[in-house]
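Student: Supplied in structure tokens, the structure appears directly below.
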Amino acid sequence: SQQGEEDPQALSIQEGENATMNCSYKTSINNLQWYRQNSGRGLVHLILIRSNEREKHSGRLRVTLDTSKKSSSLLITASRAADTASYFCATGTQTGANNLFFGTGTRLTVIP
Amino acid sequence: DTGVSQDPRHKITKRGQNVTFRCDPISEHNRLYWYRQTLGQGPEFLTYFQNEAQLEKSRLLSDRFSAERPKGSFSTLEIQRTEQGDSAMYLCASRPTGTDYGYTFGSGTRLTVV
């Protein structure tokens, strides 16, 4: 399967703490994307990192990519209760497929 | 509203009935995707359109499933002879052509087959 896998499956932290989620994938990629999903809702695109990039920032988000290890991490700094959601990594592959392959997600709970 | 719209938000149907969902993508986006998501799982790819052409279908898309995108605008996903295993969230997404664009997802249609 080309699907990514997130780790941990669930994470619970106090408001103000940092949250780190990891993603591993199996095939060569064009890019890797992170999405957030609130319960029962659609997914919201957070950030995209290209295969030739190693780190990217967007506000309180920091994403790293290590193509040699086929892994990525998402860091959310100074977490807020509103960050409570499921977070998915998704990979766009180099195989010519024109769709994203999603992982199983990390369920983040930020306790006020 | 410039987002992706899906209709209906919820659908409850009896097993064996046919259902149809609609997706209105962002108007400038020529790529449209359908995904299915079950509880506790990530979205699984079903099919994608480039304008009106259906260019890729997943093996998950059995012959009971059909999707269309007439005129390259809105899209419909029909499930015939629904089964309980079809119960899921059906998500639509769109994006422009090109390799480095994120997807814009709709809020999804929650299907429950009873």
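Student: Tell me the residue from A:SER51, A:SER72 that is more than 9 Å from every other protein chain (Cβ to nearest Cβ) and within 16 Å of B:THR99 (Cβ to Cβ), please.
Tutor: Unique residue meeting the criteria: A:SER51.
Student: Moving to a separate point now. Considering each of A:ALA85, A:ALA78 in turn, give the residue that is more than 11 Å from every other protein chain (Cβ to nearest Cβ) and crowded, with 18+ Cβ neighbours inside 10 Å.
Tutor: A:ALA85
Student: Within the group B:ARG36, B:ARG15, which residue is at pLDDT 95 or above and within 23 Å of A:ARG41 (Cα to Cα)?
Tutor: It is B:ARG36.
Student: Scan segment B:95-114 residue by residue and report those that are more than 14 Å from chain A (Cβ to nearest Cβ) and not in a loop (DSSP other than H, G, I, E, B).
Tutor: B:VAL113
Student: Can you pull out the residues in segment A:15-55 that are within 21 Å of B:ARG95 (Cβ to Cβ) and hydrophobic (A, V, I, L, M, F, W, C)?
Tutor: Scanning segment A:15-55 gives A:CYS23, A:ILE29, A:LEU32, A:TRP34, A:LEU43, A:VAL44, A:LEU46, A:ILE47, A:LEU48, A:ILE49.
Student: Does segment A:1-26 hold any residues that are assigned to a strand (DSSP E or B), loosely packed, with under 15 Cβ neighbours inside 10 Å and away from every other protein chain (no Cβ under 14 Å), and which are they?
Tutor: Selection gives A:SER12, A:GLN14.
Student: Right, something else. Residues of segment B:22-49 being touching a Ser or Thr at 6+ places or on another chain (Cβ under 8 Å), in a strand (DSSP E or B), within 23 Å of B:THR2 (Cα to Cα) and more than 8 Å from chain A (Cβ to nearest Cβ), which ones?
Tutor: B:ARG22, B:CYS23, B:ASP24, B:LEU32, B:TRP34, B:THR47, B:PHE49
Student: Let me ask another. With respect to B:VAL19, is the statement that it is aliphatic (A, V, I, L, M) and away from every other protein chain (no Cβ under 14 Å) true?
Tutor: In short, yes.
Student: Between a first residue in segment A:2-31 that is among the aromatic types (Phe, Trp, Tyr) and a second residue that is assigned to a strand (DSSP E or B) and buried (at least 18 other Cβ atoms within 10 Å of the Cβ), which pairs have beta carbons less than 7 Å apart while being 6 or more apart in sequence or on different chains?
Tutor: Final answer for the pair search is A:TYR25/A:THR91.
Student: Which one of the conditions (1) within 8 Å of another protein chain (Cβ to nearest Cβ); (2) modelled with pLDDT of 95 or more; (3) over 10 Å from the mean Cα position of the chain (by Cα) does B:SER87 fail to meet, given that it meets all the rest?
Tutor: Going through the list (1) within 8 Å of another protein chain (Cβ to nearest Cβ); (2) modelled with pLDDT of 95 or more; (3) over 10 Å from the mean Cα position of the chain (by Cα), B:SER87 breaks only (1).
Student: For segment B:98-106, state whether one or more residues are in contact with a Phe, Trp or Tyr (Cβ under 7 Å, 6 or more places away or on another chain) and at pLDDT 95 or above.
Tutor: No, the conditions are met nowhere in segment B:98-106.
Student: For segment B:1-36, what are the residues that are over 20 Å from B:ARG64 (Cβ atoms) and among the small types (Gly, Ala, Ser)?
Tutor: B:GLY3, B:SER5, B:SER27
Student: What number of residues within segment B:50-65 satisfy the criterion of being modelled with pLDDT of 90 or more and either crowded, with 21+ Cβ neighbours inside 10 Å or within 12 Å of another protein chain (Cβ to nearest Cβ) (or both)?
Tutor: Residues meeting the conditions: 3.
Student: Now for a separate question. Restricting to segment B:65-94, give me the number of residues that are within 14 Å of B:GLU52 (Cα to Cα), touching a residue at least 40 places away in the same chain (Cβ under 8 Å) and outside any loop (DSSP other than H, G, I, E, B).
Tutor: Number satisfying all stated conditions: 5.
Student: Which members of segment A:1-54 meet the condition of being over 15 Å from the mean Cα position of the chain (by Cα) and of a type in the set (A, V, I, L, M)?
Tutor: If the condition is that a residue be over 15 Å from the mean Cα position of the chain (by Cα) and of a type in the set (A, V, I, L, M), then A:ILE13 is the only one that fits.
The values are calculated or read from the model by the stated rules, or taken from the named source; none is laboratory data. Please read all numbers here as calculations on a predicted model, not as lab measurements. Heads up, the Cβs are rebuilt from the backbone with ideal geometry, glycines too, and the neighbour counts pull from every protein chain shown.
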